[in-house]
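Everything on this sheet refers to the single structure shown next.
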Protein chains: 2
Amino acid sequence: MIAPDQAQHSVVPPNEIPARLGRKRDLSRDPEILAAALEVLAETGYTGMTIDMVAARAKAGKATIYRRWPSKAELVIDAVACMKKNDGTADALPDTGTLRGDLIAMIKPHSINDGQRKFQIMAGVLAMIGQAPELAEAANAAIVQPRATANRMLMQRAQDRGEIAADCDIDTLSLVTPSMIAHRVLLLRKPVDRDFLISLIDGVLLPALGIPAPKPTPGP
Amino acid sequence: MIAPDQAQHSVVPPNEIPARLGRKRDLSRDPEILAAALEVLAETGYTGMTIDMVAARAKAGKATIYRRWPSKAELVIDAVACMKKNDGTADALPDTGTLRGDLIAMIKPHSINDGQRKFQIMAGVLAMIGQAPELAEAANAAIVQPRATANRMLMQRAQDRGEIAADCDIDTLSLVTPSMIAHRVLLLRKPVDRDFLISLIDGVLLPALGIPAPKPTPGP
DNA sequence: TATATACGATACTCTGGAGTTCCGGATCTT
DNA sequence: AAGATCCGGAACTCCAGAGTATCGTATATA
């Protein structure tokens, strides 16, 4: 999917590598171009983004880009899909013993900035989800699902150790924070800061799971 | 805001109407053009929408449109803003005596279709919120806020009559359903049907407010 | 009636950007 | 060495669509 035209001779025997002549394609440029595309996408949105911007940002020629992706749309789809791989959300899930501790521990400066950026990209990408439904799936898989999955795993663990009831609607609740972060970034254009995330945890998630508010007034 | 250039002689005494010569502008065409713009917007998105499409849909000339709005962007902003006026969400808020009854009563076929269409428009409009922050406000005010306000009023009443605790985070909770509907329509591209809305009410809102699930298994 | 503006319809201009082609130089296979 | 393909860079073609201008007609004021 990354380099769509690398498998062009599907007729030749699979054991015989095509062994094409000439200079080899520099595969290390692929991720650099995709990263540049994501940067421009986050800054200007899909409509404002031009291939020249991406080429300039990646210090590449336009021909190099069109040699690897057939169109602007496919480049963007690929760039969004590749976010999923280098995300690192699932690594090192916290384990503090309480669900609230785990959820709070997920709030790190890095993950806040990363999240802000991802939803910025989502805003730029939503421009063309009407024409490319596959892009909606890619964006969902790369941006929303990692967070939802992390939430689901934390809640599942809490359920297994009896901290929350067995009949909680974990699947629905795991989507609450991603959805409300998206609304805050896309429409309200407010920052996703620590206080907002804590208000989601203490005002929505934990109450919905039957865990009472921990500190009504957190002293200084 | 609807006809930006109708007040062009701000110097003349306000009691003396300009009394311009020539044929008068047909004001009844304004809402027809705005409605056509919303239709095209919902179908094709901002990028795919052309002024010719809007003109054809409204059976109007392009000049007629440009005589009233200076650009495509301003037309769209106005169209979205005008949704807020003819929405009818706030009228006839249900009053069944219980919060769950009220929330369920809000689920009517009409409001479901209307909501689906509004969030479709929101998808089309998100394309340019990067360039026009005012459009983000307009979309928020026209699409999300009416629903959030209705939710907030219902919860406030429940709080006043003691059905739910006084320290509930009503402001945050009122945004849960609009945010999750948006995610479902925009990214998941699934229909917003009755079952989904009920799962939000019984799986998130009511538990978060401390109201136990009413029927674990709703018999036939 | 004379003038001025709005109307729908059509033709027109103009610009930005997608996608293509060519260049000189580098790197590969044979 | 020779031929083929890559590279970054730049010039190029091509077109959809925003915005403008014009025309014949309708409706307003003076």
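In segment B:109-204, the alpha-carbon atoms span a convex hull of 108 Å³ per residue. In this structure, the residue pairs whose Cα-Cα separation is over 21 Å, taken from B:Lys59/B:Lys85; B:Lys84/B:Lys118; A:Lys84/A:Lys108; B:Lys24/B:Lys59; A:Lys84/A:Lys118, are B:Lys59/B:Lys85.
Label point of B:Thr64 (7 Å along Cα→beta-carbon): distances to the other copies' equivalent points are 5.3 nm, sorted ascending. Label-point spacing for B:Asp114 across the identical copies (point 7 Å from Cα in the Cβ direction), in nm and ascending order: 4.2. Note: relative contact order over chain A, using C-alpha pairs below 8 Å and six or more positions apart, is 20 percent. Using the rule -39500 (n - 2.57) for each DSSP H run of four or more residues, divided by the residues of the protein assembly as shown, the 222 nm mean residue ellipticity is -15000 deg cm²/dmol. Ranking of B:Met153, A:Met180, B:Met49 by neighbouring Cβ atoms within 10 Å, starting from the fewest: B:Met153, B:Met49, A:Met180.
Taken over the alpha carbons of the protein assembly as shown as equal point scatterers, the Debye sum produces base-10 log I(q)/I(0) values at 0.07, 0.08 Å⁻¹ of -0.44, -0.57.
If you take all other residues with their beta carbon under 12 Å from the beta carbon of B:Asp52, and give Lys and Arg +1 and Asp and Glu -1, the sum is +3.
B:Met155 sits among other residues whose Cβ lies under 14 Å from its own Cβ, and their net charge, with Lys and Arg +1 and Asp and Glu -1, is -2.
Summary of the geometry: segment B:146-165 and segment A:61-110, compared by the centres of their Cα atoms, lie 38 Å apart.
Rounded to a whole number of µm²/s, how large is the Stokes-Einstein D of segment A:36-94 at 4 °C and 1.567 mPa s, given Rh as the Kirkwood radius over C-alpha pairs?
Estimated via Stokes-Einstein, D reaches 105 µm²/s.
Treating each Cα of segment A:41-137 as one equal point scatterer and applying the Debye formula with no solvent, the log10 of I(q)/I(0) at q = 0.11, 0.24, 0.25 Å⁻¹ comes out as -0.44, -1.29, -1.34. Dividing the mean sequence gap of close Cα pairs (under 8 Å, 6+ apart) by how many residues segment B:85-187 holds gives a relative contact order of 33 percent. In whole percent, what relative contact order does segment A:151-220 give with Cα contacts below 8 Å and a gap of six or more residues? Rounded, it is 28 percent for segment A:151-220. Calculated on C-alpha atoms, the gyration radius of chain B divided by its Kirkwood radius gives an Rg/Rh of 1.08.
Rule-based calculations on the coordinates, nothing more; no lab input. Since we're looking at a predicted model, the values are computed, not measured. When we count neighbours, we look across all protein chains shown, and the Cβ atoms used for this are built from the backbone with ideal geometry, even at glycine.
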